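Down below is the structure, laid out as structure tokens.
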Amino acid sequence: VTAAQLEDETRFLAVELLVTMAEQAPSMMRKQQLFLHNMVPLALQLMLVVDEVDLAEWNATSGDDDDTDMTSLDVGKDCLDRMALSLGGKTMFALAFRQDLVPAFLEHPDWKYRHAALSCISQVAEGCKKQMTENMGAIIDQLIARFVDPHPRVRWAAINAIGQLETDLGPDLQEQYHAKVLPALV
């Protein structure tokens, strides 16, 4: 039986087990190369499973809907957030921003990949503050470039990511990049 053949709930529980191990024993899990090199791609793959809904319907929803079912997207985002906080920025930034992941996903023709990459940036920001600050110029440029993406859900993810970076990186981002970000938003 492969992971793809398992029910969603079973796959989600397996991810939860691995993330909990990273939270409970981060130094041990940082030494597990198989774990490290597979968890970010796994989370991003989970985040590619996005419900195809009519854009008018999607636009009419709020983030506060009472839908309590965890989606594949939710699990992937939660995994990235918790791993960044537990494994630390040095480890997680290097994993997420390796060439075949976030950079490649940002350039992918399928909107779901660009959406996943932008969501990844916003999810790992808090745990990777130092690394995000050191690379902020390039990251901000990538986010601003997605403000005009052809797909509205990618545009939303880019603006959401900027908002999350504003929260997580605060004054550094605001003082250094307000002249770029504000005109792009307006």
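Just to make sure I understand: if all protein chains stay in place, what is the order of Trp156, Trp111 by accessible area at 1.4 Å, largest first?
I get Trp156, Trp111, largest accessible area first.
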Query raised in the report: Given the protein chains as shown and a 1.4 Å probe, how many square angstrom of Glu16 are accessible, to the nearest 10?
Result: 80
**Report entry** Accessible-area value, Phe105, 1.4 Å probe, nucleic acids and ligands omitted, Å²
**Finding:** 20
Report task. Starting from one equal scatterer on each C-alpha and no solvent at all, send me the Debye-based log10 I(q)/I(0) for the chain at q = 0.08, 0.14, 0.18 Å⁻¹, two decimals. Result -> -0.26, -0.80, -1.28
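Fully extended, how many nm does the chain gain between Glu175 and Asp51 (0.36 nm per residue separation, minus their Cα-Cα distance)? Walk me through the intermediate numbers first.
Values: separation 124, 0.36 × 124 = 44.64 nm, distance 3.71 nm.
Net length gain for the segment: 40.9 nm.
Per residue, how large is the accessible surface of the chain? Use a 1.4 angstrom probe and give square angstrom. Could the numbers behind the result be given before it?
Numbers: 10110 Å² over 186 residues.
On a per-residue basis, 54 Å².
What number, in percent, do you get for the relative contact order of the chain if the mean sequence gap of Cα pairs under 8 Å and at least 6 apart is divided by its residue count? Numbers along the way, then the final one.
Working: 190 pairs, mean separation 35.0, N = 186.
Over the chain, the number comes to 19 percent.
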Query raised in the report: Over the heavy atoms of Thr167, what accessible area does a 1.4 Å probe trace out, to the nearest 10 Å²?
Result: 110
Query - Cα-based convex hull volume of the range 118-186 per residue, rounded to whole Å³ - result: 70
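The values are calculated or read from the model by the stated rules, or taken from the named source; none is laboratory data. Since we're looking at a predicted model, the values are computed, not measured. Just so you know, the surface numbers come from the protein's heavy atoms only, side chains and all, with ligands and any DNA or RNA stripped out. Shrake-Rupley method; radii C 1.70, N 1.55, O 1.52, S 1.80 Å.
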